[in-house]
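The values are calculated or read from the model by the stated rules, or taken from the named source; none is laboratory data. Quick caveat: nothing in here was measured; it's all calculated off a predicted structure. As a convention, Cβ positions derive from the backbone with ideal geometry for all residues, glycine included, and neighbour counts pool all protein chains shown.
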Amino acid sequence: MLEELLELSEKALESPLSQKDVNKIFKTPDKYLIELVLSANRIKRAFSGNRISTCSIISAKTGICSEDCAFCAQSKISKTNINRHRLLETEKILDAAIEAEKNGADRFSIVTSGWGYRGDEKEFLKILEAIQVLKQCTNMKIDVSLGMLGKKAIEMLSKVEVDRVHHNIETSKRFFTKVCTTHTFQDRVKTVKRLKEAGLEVCSGFIIGMGEKIEDRISAAETLRSLQVDSVPINMLIPIKGTPLGTKSPMKAMDALKSIAALRFLLPKTELRLCGGRVQVLGDLWILALFIVDGVLIGRTALTTTIRDPELDIKAMKDLGLILKNSEDYQNHRTHT
Ligand code: SF4
C-alpha cells in the first residue's frame, strides 16, 4: 500500500490525478492511515519543506447577518447565544493583532460577518483604516475576510495593500443549496474571480463533515484548483447548538484526517491550512495533520468557537522540528524549488 500511495503522490506532483485514483485515496482503509500520511507528507515536503505558517483571526463584527448559512452561529436563523456586535474600534482590533503576534502568528485576518461590501459603506472605510494601522504597527501579513466584495471594494483593498483576502466557497456547487439559500455558490465564486483578476492573493476553502459526499469534497477542491487560489483553509464542521447543523454528529477524527490527506493529493501545489474544527474534530490526531498541511490557525478563539492555548500549538510544532515561517518565505521557497 505504501508503494502505491507514494507512487500516487509522485504522480500528483506532475499532473492532476484521475477521479478513480482520488476516490481510492479518500477511501484508504484505516489500517493504512500512517502510509497515507507519509505519502501526503511527500507532497507537503515538495511544496513547503518542513515549514509551517500560522495565522490568527479576529471576529471584528459578529452576527447581525442577513444570510442563512446552516453551519454558522452568526446567521439570521441561528438561535445560538453569541456576543453579537457591530464593527470593533480599530484600537481593539490592533490590541488583538499585537496579542496574536506575541503568540506566534505570522498572519492576522480581520473577519466580519454579513453579506459583504460594495465599497461605499462607512463601515468598509473603517476596515480599510484598520488594515493600514495594523500594517504599520505589526510585522505580520494583514488579511481580511469580509464576505462578498464588489469591484470598487476590491480596488480599495488593493490600494491599502492588504496581503490576502479570504472568501470560502463553503462546499461543492451541488451541495451548496443544502447549506445556504440566501446567496448562491456562483456569488461566492464571482468574488474569488474578481479578487484574482485584481491580482490579489486569495485564501478560499471549504467545510467538510456537513453531510456532503466525498464527490463534493473532490468537486470543491477542483473548483479551487481551477480558480488558482493561493491558499486553501480546510475546516471541519463543529456542530453548533442553535444552528440547523447543530444536531449533526461531528466527523470521526480518522475520516477527517483521511480527507485532509486526500486533499493534499488534489491540491499538491497550493498552500493548505488547517482551520476550524482542528481541536473539536481531530483531537489528538491533529499532530498527524501537521505532516500534511502548510499552515495552521492558532489562537484561543476562532469566530464563535474556541481553539486552544497557542503556546501549546507552537510548542508542538517546534517539537516536531517544523520551521515556523511567514508566507514570504513560502514564496521564496517555492520559487527556488
Ligand atoms: S458564513 Fe458569513 S454570510 Fe454566512 S451566515 Fe455566517 S456570517 Fe453570514
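Residue pairs whose Cβ atoms lie under 9 Å apart, separated by 6 or more positions or on different chains, with the first residue in region 130-146 and closer than 10 Å to Phe108 by Cα and free of Cβ contacts under 8 Å to residues at least 60 places away in the same chain and the second assigned to a strand (DSSP E or B) and aromatic (Phe, Trp, Tyr), are Leu134/Phe108; Thr138/Phe108; Ile142/Phe108. Does Leu125 satisfy being part of a helix (DSSP H, G or I), farther than 30 Å from Lys318 by Cβ and not charged (D, E, K, R)? Yes: the conditions hold for Leu125. Taking the listed residues Val111, Val133, the one that is surrounded by fewer than 22 Cβ atoms within 10 Å (Cβ to Cβ), part of a strand (DSSP E or B) and either within 16 Å of the ligand (Cβ to nearest atom) or not aromatic (Phe, Trp, Tyr) (or both) is Val111, with no other qualifying. Taken over region 267-317, the residue count meeting the criterion of being in a helix (DSSP H, G or I) and among the charged types (D, E, K, R) is 5. Within the option set Leu266, Leu303, being of a type outside the set (Asp, Glu) and at pLDDT below 95 holds for one residue only, Leu303.
So which residues in region 53-79 are surrounded by 15 or more Cβ atoms within 10 Å (Cβ to Cβ), within 16 Å of the ligand (Cβ to nearest atom) and hydroxyl-bearing (Ser, Thr, Tyr)? Of everything in region 53-79, those that are surrounded by 15 or more Cβ atoms within 10 Å (Cβ to Cβ), within 16 Å of the ligand (Cβ to nearest atom) and hydroxyl-bearing (Ser, Thr, Tyr) turn out to be Ser59, Thr62, Ser75, Ser78.
The one condition from (1) within 27 Å of Thr306 (Cα to Cα); (2) free of Cβ contacts under 8 Å to residues at least 24 places away in the same chain; (3) assigned to a helix (DSSP H, G or I) that Thr177 does not meet is (1). Within region 155-174, the only residue that satisfies the criterion of being among the acidic types (Asp, Glu), part of a loop (DSSP other than H, G, I, E, B) and in contact with a strand residue (DSSP E or B) (Cβ under 7 Å, 6 or more places away or on another chain) is Asp163. Cβ separations smaller than 9 Å between residues 6+ apart or across chains give the following pairs from region 54-65 residues that are under 14 Å from Thr304 (Cα atoms) and outside any strand (DSSP E or B) to residues that are within 12 Å of the ligand (Cβ to nearest atom) and among the aliphatic types (A, V, I, L, M): Gly63/Ala73; Gly63/Ile82. Kindly check whether there is at least one residue in region 80-93 that is part of a helix (DSSP H, G or I) and either of a type in the set (Ser, Thr, Tyr) or surrounded by 20 or more Cβ atoms within 10 Å (Cβ to Cβ) (or both). Within region 80-93 (the criterion being part of a helix (DSSP H, G or I) and either of a type in the set (Ser, Thr, Tyr) or surrounded by 20 or more Cβ atoms within 10 Å (Cβ to Cβ) (or both)), the answer is yes, since at least one residue qualifies. Exactly one residue among Leu87, Leu146 is closer than 22 Å to Thr304 by Cα, within 14 Å of the ligand (Cβ to nearest atom), of a type in the set (A, V, I, L, M) and more than 21 Å from the chain's Cα centre (by Cα), and that residue is Leu87.
Scanning region 49-81 for residues that are at pLDDT 95 or above, of a type in the set (S, T, N, Q) and closer than 30 Å to Ile323 by Cβ gives Ser53, Thr54, Ser56, Ser59.
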